[in-house]
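Novice: Before I ask anything, let me first share the structure, which is written out below as structure tokens.
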Amino acid sequence: MDATVFRDWITSAAEVIEANRDHLTQLDAAIGDADHGINLARGFTAVLGALDVPSPEAKGPTTPGAILTLTGNTLISKVGGASGPLYGMAFRRAGKSLGDAADVDLPSLSVALDAALAGVQQLGAAREGDKTMVDALAAATKAFGKAIAEGASQDDALDSLAEAAEAGAVATVSMQALKGRASYLGPRSVGHEDPGAVSTALILGALRDAARAGR
Ligand code: ADP
Ligand code: MG
């Protein structure tokens, strides 16, 4: 997977976040403060602006790692709310893990996504089961690593990643929130899907789609 795939990933993530802006905001209205879709759509619009280099002479990021690092930096500076720094950290750690490689294979992508998860947990201290984006990301990275270890093709491994993220998001419905704004609701947070877990599943679905199209 080369820089074009990663650029396409971020572009497609921005599109899917924009398309689900109201849905994410409604999910956040139920257990938070109704801004998750607005926050992320604003952030990814800024990311697209940062990635969009005006002329061939202008220097934009040219490696997968640099693209993810710029994405993370932009999300941190443009997104208010808990999710901005958390997603920012995730993309920065993934970018750092990829280094300056021009082409990323499945094992290095797996290591990078593990680093993203570790960054989110270091910053937000959420564990699996706390009803956050960690529930989608941890399920996804685990399934991805397992698929790779079992010799899955790139398409199949990325399918496992995206499907596990979706299942991880759905699993948050029955959880009580122990981190973030939703935790203020206590037991009343049960019965709603966590908005950050849903946006994580959308972003990882965009990765699967971009990688498949890029082959
Ligand atoms: P805010 O809660 O500040 O309004 P957003 O609405 O943009 O920010 O994002 C809310 C999402 O952030 C939650 O649905 C949850 O997935 C995620 N989140 C909040 N706190 C944490 C945390 N400590 N660790 C991991 N994810 C978190
Ligand atoms: Mg919110």
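Novice: Magnitude of the Cβ-charge dipole of the chain, K/R +1 and D/E -1, about the Cα centre, nearest 20 debye?
Specialist: Numbers: 18 positive and 26 negative charges, 133 e Å.
For the chain, the charge dipole is close to 640 debye.
Novice: If R₀ is 25 angstrom, what is the calculated FRET efficiency for the pair residue 105 and residue 45, using the beta carbon separation as r and rounding to 0.05?
Specialist: Values: r = 31 Å, r/R0 = 1.23.
E between residue 105 and residue 45, to the nearest 0.05, is 0.20.
Novice: Per the 1.4 Å probe, what fraction of the accessible area of the chain, in percent, lies on carbon and sulfur atoms? Write out the running numbers ahead of the final one.
Specialist: Details: 5020 of 9410 Å².
After summing per-atom areas, the C and S share lands at 53 percent.
Novice: While we're here: Using mean Cβ contacts within 10 Å as the protection proxy, how do 188-198, 123-133, 95-105 order, highest first? List each step's numbers first, then the result.
Specialist: Values: 188-198: 23.1, 123-133: 20.8, 95-105: 16.4.
Answer by packing, highest mean first, reads 188-198, 123-133, 95-105.
Novice: May I ask you to list the aspartates and glutamates whose Cα is less than 15 Å away from that of residue 78, ignoring any residue fewer than eight positions away on the same chain?
Specialist: Straight-line reach from residue 78, under 15 Å: 35.
Novice: Something else: For the chain, what is the relative contact order in percent, using Cα pairs closer than 8 Å and at least 6 residues apart in sequence? Mind dumping the intermediate values first?
Specialist: Working: 402 pairs, mean separation 50.6, N = 215.
For the chain, the relative contact order is 24 percent.
Novice: If you split all Cα-Cα distances of region 1-123 into 10 Å bins from zero, what percentages do you get per bin, shortest first?
Specialist: The distribution over region 1-123 is 15, 42, 34, 9, 1, given as percents.
Novice: Something else: Find, among the trypsin sites (Lys or Arg not before Pro) in region 1-89, those assigned to loop by DSSP (not H, G, I, E, B) with at most 12 other beta-carbon atoms within 10 angstrom.
Specialist: 59
Novice: Using a 1.4 Å probe, what is the accessible area per residue for the chain, in Å²? List each step's numbers first, then the result.
Specialist: Values: 9410 Å² over 215 residues.
Computed with neighbouring chains in place, this is 44 Å² per residue.
Novice: Using amide H atoms built in the peptide plane, which far-off residues or other-chain residues are under 5 Å from residue 2 H to H?
Specialist: So residue 2 has HN proximity to 104.
Novice: Counting only protein chains, not ligands or nucleic acids, how are 18, 150 ordered by accessible area (probe 1.4 Å), most first?
Specialist: Greatest to least solvent exposure: 150, 18.
Novice: Output the Kirkwood hydrodynamic radius of the chain, Cα pairs only, in Å rounded to one decimal. Before the final figure, lay out the partial values.
Specialist: Values: mean 1/r = 0.0592 Å⁻¹.
After inverting the pairwise mean of 1/r, the radius is 16.9 Å.
Novice: Assign unit charges at the C-beta atoms only (+1 for Lys and Arg, -1 for Asp and Glu), then state the dipole size of region 146-215 relative to its Cα centre in Debye, rounded to the nearest 20. Can you show the working numbers first?
Specialist: Numbers: 7 positive and 9 negative charges, 71 e Å.
Its charge dipole is roughly 340 debye.
Novice: Mind listing the phi-derived Karplus ³J(HN,Hα) values for region 178-187, rounded to whole Hz, using 6.51, -1.76 and 1.60 with θ = phi - 60°, and x for any glycine or proline?
Specialist: 10, 9, x, 4, 4, 5, 4, 7, x, x
Novice: I would also like to ask the following. Going toward the positive end of the dipole of region 1-141, with +1 on Lys and Arg Cβ and -1 on Asp and Glu Cβ, which of 27, 108, 122 do you reach last?
Specialist: 122
Novice: On a full-extension model of 0.36 nm per residue, what is the gain between residue 30 and residue 155, subtracting their alpha-carbon distance, rounded to one decimal in nm?
Specialist: On the way: separation 125, 0.36 × 125 = 45.00 nm, distance 3.50 nm.
Extra length from residue 30 to residue 155 when fully extended: 41.5 nm.
The values are calculated or read from the model by the stated rules, or taken from the named source; none is laboratory data. Everything numeric here is computed off the predicted structure, so don't read it as measured data. Positions of Cβ are backbone-derived with ideal geometry, glycine not excepted, and every protein chain shown enters the neighbour counts. Protein only, heavy atoms only, side chains kept; ligands, DNA and RNA dropped before computing areas. Shrake-Rupley method; radii C 1.70, N 1.55, O 1.52, S 1.80 Å.
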